[in-house]
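Scroll down for the structure; my scribbles are underneath it.
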Amino acid sequence: MVTTEMPVQTAIFSRIPTAVATDWQSGLPVLEGIGITLRELRMSDAPALLSLLTTDEVSRFISPPPTTLDGFERFIAWTIREREAGRYLCFAVVPDGYDTAVGLFQVRQLDPGFSTAEWGFAIGEAFWGSGLFAAGAELVVEFAFDVVGVHRLEARAVMQNGRGNGALKKIGAVREGILRKSFLRGGKQLDQALWSILSEDWTRSKAVWGSKPN
């Protein structure tokens with residue numbers, strides 16, 4: 001997860017016309033992949049997110065999530081305000097057969113033009129290893145590059161987070177270095193790996209491998 005107001009597990013304006021940017025600022029589209037739908041967060045997602053993202057296993061390598069239902073509702077309201085301002089977007093992860101979110105993907109600008117951005121994710125433990133991350137990550141990366149106009153997408157993952165680092169490597173992110181003692185969690189300063197994906201690298205990988213990097 002991005003280490004912002006709310007977690008993303010890892011742990012992305014502007015080359016696009018203003019009209020396109022305004023479109024997603026008005027409301028996120030629904031993105032569909034194999035076994036997954038990504039959409040805007042809703043207030044009705046708050047109870048499920050509270051249950052799934054506050055467990056010790058999910059939250060130990062991310063920024064502390066809200067601990068109350070009211071906290072998640074305020075977080076959801078915040079995501080909408082930030083999206084409307086063009087600084088940030090957050091997709092709910094909804095598996096096929098579900099009505100509410102079991103996780104989320106976040107993307108936030110790192111410069112005023114959104115050409116460089118940071119992304120992250122958090123998914124309930126029961127859905128780890130289900131393919132939801134890979135399917136959702138492909139949709140989010142495509143959206144960031146093709147619609148938002150991001151050129152460089154960064155992610156930061158605590159070194160001890162083997163699952164998060166492995167997931168980023170699997171989708172084609174490049175580890176650029178170690179950010180020493182860059183993340184405070186549980187009173188300890190932890191090292192993070194810095195990962196990046198460039199838009200041109202993603203485009204080339206699609207030309208070689210098809211839908212996404214292998």
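What percentages, rounded to whole numbers, describe P(r) for the stretch 116-168 computed over all alpha carbon pairs with 10 Å bin width beginning at zero?
21, 52, 26, 1
Let me see the P(r) profile for the stretch 35-85: every Cα-Cα distance counted, bins of 10 Å, each bin given as a percent of all pairs.
24, 49, 26, 1
Using only Cα positions of the stretch 132-214, each an equal point scatterer, no hydration layer, compute I(q)/I(0) via Debye at q = 0.15, 0.22, 0.23, 0.26 Å⁻¹ and quote the log10 values to two decimals.
-0.57, -1.03, -1.09, -1.26
Could you tell me what percent of the accessible area of the stretch 91-182 is made up of carbon and sulfur, with a 1.4 Å probe and every protein chain present?
Working: 1830 of 3650 Å².
Of all accessible area on the stretch 91-182, carbon and sulfur atoms account for 50 percent.
Convex hull over the Cα atoms of the chain, averaged projected area in nm²?
Numbers: hull surface 43.5 nm².
Average projection, Cα convex hull of the chain: 10.9 nm².
Divide the volume of the convex hull of the Cα atoms of the stretch 31-138 by its number of residues and quote the answer in cubic angstrom per residue. Could the numbers behind the result be given before it?
Working: hull volume 11.2 nm³, N = 108.
Taking only Cα atoms, the stretch 31-138 has a hull volume of 104 Å³ per residue.
The values are calculated or read from the model by the stated rules, or taken from the named source; none is laboratory data. Nothing here was measured: the structure is a model prediction, and the numbers come from that model. Side chains included, ligands, DNA and RNA excluded: accessible areas come from the protein's heavy atoms. Shrake-Rupley method; radii C 1.70, N 1.55, O 1.52, S 1.80 Å.
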